[in-house]
Amino acid sequence: MTAPTPPVLPDAATLADLRALAERAARAAGALVRDGRPRQVDVSATKTSPVDVVTAMDLAAEELLRRTIAAHRPDDGILGEEGGLVPGTSGVTWVVDPIDGTVNYLYGIPAYAVSVAAVVGPPTPDEWTVVAGAVHAVADGRTYTAARGAGALLDGVPLQVNAPAALAQSLVGTGFGYTADRRRGQARVVAALLPQVRDIRRIGSAALDLCTLAGGGLDLYYERGLQPWDLAAASLVASEAGALVVGLRGARPGEAMTVAGPEPTVGELVRFLEEQRADTDEA
Ligand code: LIP
């Protein structure tokens, strides 16, 4: 089987423009989410289960993201959690999550983010290359950004992951799905891991998990079940901050499993997760 042709990356100036637009759009949608949050947030709909919720603000924020991006780059495609894929003709597609951490937003827990990524190549997670992104932490107003080969920043300050610690000294972030079958398997894996690490943190937003890792607030992160929009921008922030972001058994990071952290400890976690068959819903 021939190796896939590496994508043609945009030049440095274009990457900087994409990064700036990602930040502008994420901040604009973040202001709407923050200032427009009613005292009582109502559920507009549910998706994969009664606890996988959509709010009116998810829909409004995604619409603002789409308008902001289209105003500056009308030929680009846009894939959003709520509105799906609107293909483009430029070779650039935007992958957006209007509120990552929707349950936290619903409950008023200050850990939710707007995620905006620019990818090149086919608009499918197994084939695209993330080239720029921004994750805006709505509650504290901070914004993580990255461009491929140009580093990761938090409000303009460079980010660097922690030096690798032994697994037993590592603070590990993770998350859990919305269905009982998936959570049963995830409970099995986290129960086996917990005695072997410093501690576990469950922030409730994959985008903030990966950005927290990028800034040294976590040593490692893993999660099964991430959607492309949860992962796209923050995976670039983490990798540009020095993390390896992978799947299991040589796979790309994605829905089956995403693991992130510095070498060599991330390799220890990958081997543990492979032994636990953590990329299945086996109880
Ligand atoms: C969330 C993820 C989080 C995961 C939650 C949920 P959402 O995305 O960011 O890591 O543990 O179950 O999937 O649904 O808030 O966009």
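The values are calculated or read from the model by the stated rules, or taken from the named source; none is laboratory data. These figures come from a predicted structure and were not determined experimentally. Glycine gets a Cβ as well: all are built from the backbone with ideal geometry, and neighbour counts include every protein chain shown. Calculation scope for accessible area: heavy atoms of the full protein, side chains included, ligands and nucleic acids excluded. Shrake-Rupley method; radii C 1.70, N 1.55, O 1.52, S 1.80 Å.
Say whether the condition of being touching a helix residue (DSSP H, G or I) at 6+ places or on another chain (Cβ under 6 Å), open to solvent by 20 Å² or more (accessible area, probe 1.4 Å) and among the aliphatic types (A, V, I, L, M) is met by at least one residue in the stretch 214-234. No, the stretch 214-234 contains no residue that is touching a helix residue (DSSP H, G or I) at 6+ places or on another chain (Cβ under 6 Å), open to solvent by 20 Å² or more (accessible area, probe 1.4 Å) and among the aliphatic types (A, V, I, L, M). Here the strands (runs of 3 or more DSSP E) wholly within the stretch 151-221 that include at least 1 residues being more than 16 Å from the ligand (Cβ to nearest atom) and within 18 Å of the chain's Cα centre (by Cα) are 152-154. When ARG148, ARG142, ARG73 are checked against the criterion of being outside the structural domain of GLY242 (by TED's automatic domain parsing), farther than 20 Å from ALA28 by Cβ, open to solvent by 60 Å² or more (accessible area, probe 1.4 Å) and basic (Lys, Arg), ARG148 stands alone in meeting it.
With respect to (1) in a loop (DSSP other than H, G, I, E, B); (2) under 21 Å from ARG142 (Cα atoms), the lone exception for PRO50 is condition (2).
Among the candidates VAL114, VAL103, the residue that is out of contact with any helix residue (DSSP H, G or I) (no Cβ under 9 Å at 6 or more places or on another chain) and either within 10 Å of the ligand (Cβ to nearest atom) or β-branched (Val, Ile, Thr) (or both) is uniquely VAL103.
Across the stretch 28-70, which residue is surrounded by the most Cβ atoms within 10 Å (Cβ to Cβ) among those that are within 29 Å of TRP128 (Cα to Cα) and either in contact with a Phe, Trp or Tyr (Cβ under 6 Å, 6 or more places away or on another chain) or among the acidic types (Asp, Glu) (or both)? Filtering first and then ranking leaves ILE69.
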